[in-house]
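Working notes, beginning with the structure itself.
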Amino acid sequence: MLKERLQKGDCLFGPFVNLCHPAVMEVAGLAGFDFAIIDTEHGEISADRAVDMVRAAKLAGLSPVVRVYGNQPELISKALDIGAEAVQIPQVSTRLEAEAALRSAKFSPVGARGANRYVRAAQYSATDKAAYFANANKETAVIVQVEGKAGMENLADIITVPGIDVLFIGPYDLSASLGIPGQVEHPLIMEAMNKTMELARQAGVAIGFFVDDAHSAAKWKKAGVQYISFAADVGLLYEIFKQKVSIFREE
């Protein structure tokens, strides 16, 4: 389970997945990634297709994460009902927004997630109901994305909300909010990341970060980032295709 590995201190590595096909999840698992983020925010993936991608991930030994497209209870509960090990919530800018995300992701008495055991996450009611509700609260990982200037200003309040497992920094949105769009290696971004990691260490929360290339991923792994999101399936596929075409044209 993703949450258990984070608690052990493992560094996890996985791509965003935008293509709406279970085979992509299988390939990611077979390649050795730890997790993959089913991107319903920017990808072309609906809830009825995401469930098959979750199934494929589990079969391939891959932890499925669903990034919802908003901090809304029905989106968060749906992602968890279909069996995602973690839900990733974008554009969290305040403590109140972080608290709302946690309430949506956890059953009572911790939160207010709708209680239904006739879902895939509870093996369609085959799991004992008392065990399901208790274990879901313990095992479900909540990942909040802080992507803008307002979120960074409220970071100290956000990161101390009980129940956050990963604080994920979106570098491209962050760079845009700081007036340096796309400059993800800019000193202002590095300063923000260093501040974030220090606060995270104090709060006992894992840090997540998006990277475009494997060398950057290795750098952030050494820096202590535990949840490293690497590019996206479509970008990786494009780069491989482009590389092979270039070789063909040159020979």
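Taken over the stretch 71-92, the criterion of being touching an Asp or Glu at 6+ places or on another chain (Cβ under 8 Å) and surrounded by fewer than 19 Cβ atoms within 10 Å (Cβ to Cβ) is satisfied by Q91 alone.
Looking only at residues of the stretch 139-163 that are in a loop (DSSP other than H, G, I, E, B) and open to solvent by 20 Å² or more (accessible area, probe 1.4 Å), we find that the one that is farthest from K106 (Cα to Cα) is N154. Only a single item in (1) open to solvent by 10 Å² or more (accessible area, probe 1.4 Å); (2) closer than 23 Å to A218 by Cα is not met by A36, and it is number (1). Within the stretch 7-28, the set of residues being touching a Lys or Arg at 6+ places or on another chain (Cβ under 7 Å) and part of a loop (DSSP other than H, G, I, E, B) comprises C11, C20. The single condition among (1) closer than 17 Å to A101 by Cβ; (2) part of a helix (DSSP H, G or I) that Y172 does not meet is (1).
Here's a check for you: in the stretch 53-70, which residue that is out of contact with any Leu (no Cβ under 9 Å at 6 or more places or on another chain) and outside any helix (DSSP H, G or I) is surrounded by the fewest Cβ atoms within 10 Å (Cβ to Cβ)? Among those residues, the one meeting the criterion is G70. For S216, state whether it is among the polar types (S, T, N, Q), within 15 Å of the chain's Cα centre (by Cα) and surrounded by 14 or more Cβ atoms within 10 Å (Cβ to Cβ). Judged against the criteria, S216 is not a match.
Does V184 satisfy the condition of being open to solvent by less than 50 Å² (accessible area, probe 1.4 Å) and hydrophobic (A, V, I, L, M, F, W, C)? Here the answer is yes, as V184 does meet what is asked. Selection within the stretch 223-245: residues that are open to solvent by 10 Å² or more (accessible area, probe 1.4 Å) and touching a Cys at 6+ places or on another chain (Cβ under 9 Å). The member of this set that is nearest to G9 (Cα to Cα) is Q226.
Considering the stretch 101-138, and only residues there that are aliphatic (A, V, I, L, M), under 24 Å from D52 (Cα atoms) and outside any helix (DSSP H, G or I), the residue that is least open to solvent (accessible area, probe 1.4 Å) turns out to be V119.
The values are calculated or read from the model by the stated rules, or taken from the named source; none is laboratory data. It should be emphasised that the depicted structure is a prediction, and the values quoted were computed from it without experimental measurement. Virtual Cβ from ideal backbone geometry, glycine too; neighbours counted across all protein chains shown. What goes into the accessible areas is simple: the full protein's heavy atoms, side chains included, and nothing from ligands, DNA or RNA. Shrake-Rupley method; radii C 1.70, N 1.55, O 1.52, S 1.80 Å.
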